[in-house]
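Read the structure below first, then the notes.
The values are calculated or read from the model by the stated rules, or taken from the named source; none is laboratory data. Quantities reported herein were computed from a predicted structural model and do not represent experimental measurements. Note: ideal-geometry Cβ built from the backbone for every residue, glycine included; neighbour counts use all protein chains shown. Remember, those area values only see protein heavy atoms, side chains included, never the ligands or the DNA or RNA. Shrake-Rupley method; radii C 1.70, N 1.55, O 1.52, S 1.80 Å.
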Amino acid sequence: MIKVLLFAHLKDALGKEEVSIDAAGLTIAAVKEKLAADFKLEGLDAVMAAVNEEFADEDTVVTDGDIVAFIPPVSGG
Amino acid sequence: MIKVLLFAHLKDALGKEEVSIDAAGLTIAAVKEKLAADFKLEGLDAVMAAVNEEFADEDTVVTDGDIVAFIPPVSGG
Amino acid sequence: MNFELSKKPIDIQSVIDKVVSRNAGAVTTFIGTVREMTKGKKTLFLIYDAYEAMAVKKLEQIGAEISERWPDANTAITHRTGKLEITDIAVVIAVSTPHRNDAYEANRYAIERIKEIVPIWKKEHWEDGEKWIGNQLETVEYPAGKPEKEDLDD
Amino acid sequence: MNFELSKKPIDIQSVIDKVVSRNAGAVTTFIGTVREMTKGKKTLFLIYDAYEAMAVKKLEQIGAEISERWPDANTAITHRTGKLEITDIAVVIAVSTPHRNDAYEANRYAIERIKEIVPIWKKEHWEDGEKWIGNQLETVEYPAGKPEKEDLDD
């Protein structure tokens, strides 16, 4: 299992900040597709991903126990 | 009479900050010459002047009651 | 802890105190405050949300990047989270350097980087609605799904 | 009184408070502090002397120049006089603007102008002597006896 964290409008869309999914071995791109299919979560295409608190690209493969966060364009400061 | 104010190294050289001189009708350039002659004050050439708290040029004529300040290169900030 | 998030109001002086040094001749601070009017729309209040663990790491990364470019610089950044009213402070960046030019440049670098890589988001609340605000650099979103190497390094 | 000289230590927050505004999204501050080492020489302490009445007028002029160039800016400047120890604050400049770019630019403008036109002088005291410091912009002195029009206006 991997833990998926969602923020900002994604969190609002899902109704919660965190969800566990069975996605070990998938790429980030595939995790996005799975979330879109399982939770009807839209607009993940343009969103950055982080694995274990570091930015990761679409080809990164996630492994069991990873924390995957989806990071919409940031607006701090 | 005009009041002359001196700052920084000029004040140290003169031993005081303020001196009254009989200089009504003189230009700033002439006031500098007079101070150099009367008080052996050196290095006034490169120093800016202010009349009544506004920068003035060498040709400005001072009148009775004016306050003339000599402003060495500044180093605030 | 020169890089942190805070749920409570930020004390500017305490951020500055972290960077004061006998070899610093200049300290610059940037204080981001909540502005009432943006593009003609009146903001009532803001909510800042953050991916806290990663946000702190990214603030630390910005500090490391500054130290690499300006070796004599000391940097401290505190970013607020939660609900903020108009004029409340969202972020304080303090940078000290021996000479003033570097203090301005490094401080400027920090705020631009915060707006690129630190996972913090604000939700604006107006009289007629609310919205999570996206990338305020007004650049295109990252097509590759993360900042390109040149985005992260420049 | 947004522009003043102070014989007592400067409270940074109180200078910032003068420029906070509901329409400001950014406040920058520049804090000039007494640095220990300059060009390999160890400073023990400094004395700042000022032509007070004119210095305040010139600080006000800088504020007016900023308002002309950046109409939405609010500016406050306090400069210390008297004896200052290492790390003591010599000057605080606070500028608020709606957007951050202007807050950095206007603040930078203020410190450069202070070093050009405000009649304040510092005397450095070292272990082996003391000296009134001249123009730190390291430009030539003004041959005409005062800054040229372009120096004062640019």
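Please compute the modelled spin-label separation between C:Lys42 and A:Glu42, points set 7 Å along Cα→Cβ, answer in nm with one decimal.
3.2
For a test of the definition: using alpha carbon positions, the gyration tensor, and the 1.5 limit on a/c, classify region C:3-146 as rounded, prolate or oblate.
prolate
Using a 10 Å cut-off on Cβ to Cβ distances, tally the other chain neighbours for every residue of B:9-18 and report the average as a whole number.
Across the residues of B:9-18, the mean count of other-chain Cβ atoms within 10 Å is 2.
Whole number please: convex hull volume per residue of the Cα set in region B:2-71, in Å³?
Hull volume over Cα atoms, normalised by residue count, gives 72 Å³.
Buried accessible area for the D:B pair, summed, 1.4 Å probe, in Å² rounded to 100?
In total, this chain pair buries about 2500 Å².
Hey, got the dipole for chain D? About the Cα centre, +1 on K and R Cβ, -1 on D and E Cβ, debye to the nearest 20?
Roughly 400 debye for chain D.
How far apart are the D:Lys41 label points across copies, placing each 7 Å from Cα toward Cβ, in nm, shortest first?
Here D:Lys41 shows inter-copy label distances of 5.8 nm.
Amide H neighbours of B:Ala49 under 5 Å, at least 5 residues apart or on other chains, H built in the peptide plane: list them.
Excluding prolines and chain starts, which carry no amide H, the hits are B:Ala56, B:Ile71.
Principal axes first, then extents: for the Cα atoms of region D:9-51, list largest minus smallest coordinate on each axis, whole Å, largest first.
Here the Cα extents, ordered largest to smallest, are 45, 25, 17 Å.
Using only Cα atoms, tell me the angle between helix C:52-69 and the longest principal axis of chain C; keep it within 0 to 90° and round to the nearest 10.
Its long axis makes an angle of about 40 degrees.
Using a 1.4 Å probe over the heavy atoms of the protein chains, calculate the carbon and sulfur portion of the accessible area of region D:1-43 as a whole percent.
Roughly 53 percent, rounded to a whole number.
Normalized C-alpha radius of gyration of the protein assembly as shown, against 2.2 N^0.38 Å?
Normalised Rg, Cα atoms only: 1.22.
What dipole magnitude, in Debye to the nearest 20, does region A:2-71 give about its Cα centre under +1 on Lys/Arg Cβ and -1 on Asp/Glu Cβ?
260
Apply 1/(1 + (r/R0)^6) to the Cβ-Cβ distance of A:Glu18 and D:Asp72, taking R0 = 45 Å, and write down the FRET efficiency to the nearest 0.05.
For R0 = 45 Å, the calculated efficiency reads 0.60.
Compute the angle between helix C:100-117 and the longest alpha-carbon principal axis of chain C, please, reported from 0 to 90 degrees and rounded to the nearest 10.
Compared with the principal axis, the helix lies near 40 degrees.
Amide H of D:Thr33 versus every other amide H placed in the peptide plane: which residues, excluding those fewer than 5 positions away on the same chain, fall under 5 Å?
C:Ala26, C:Val27, D:Ala90
Could you give me the ³J(HN,Hα) list for region C:20-30, computed from phi with Karplus coefficients 6.51, -1.76, 1.60 and θ = phi - 60°, whole Hz, x at Gly and Pro?
Rounded to whole hertz, the list is 5, 8, 5, 9, 9, x, 9, 10, 10, 10, 10.
Counting only protein heavy atoms and a 1.4 Å probe, tell me what percentage of region B:2-71's accessible area is made up of carbon and sulfur.
Carbon plus sulfur share of accessible area: 47 percent.
Provide the percentage of antiparallel DSSP beta bridges, counting only those with both residues in region D:4-142; round to the nearest 5.
Here the antiparallel bridges make up roughly 90 percent for region D:4-142.
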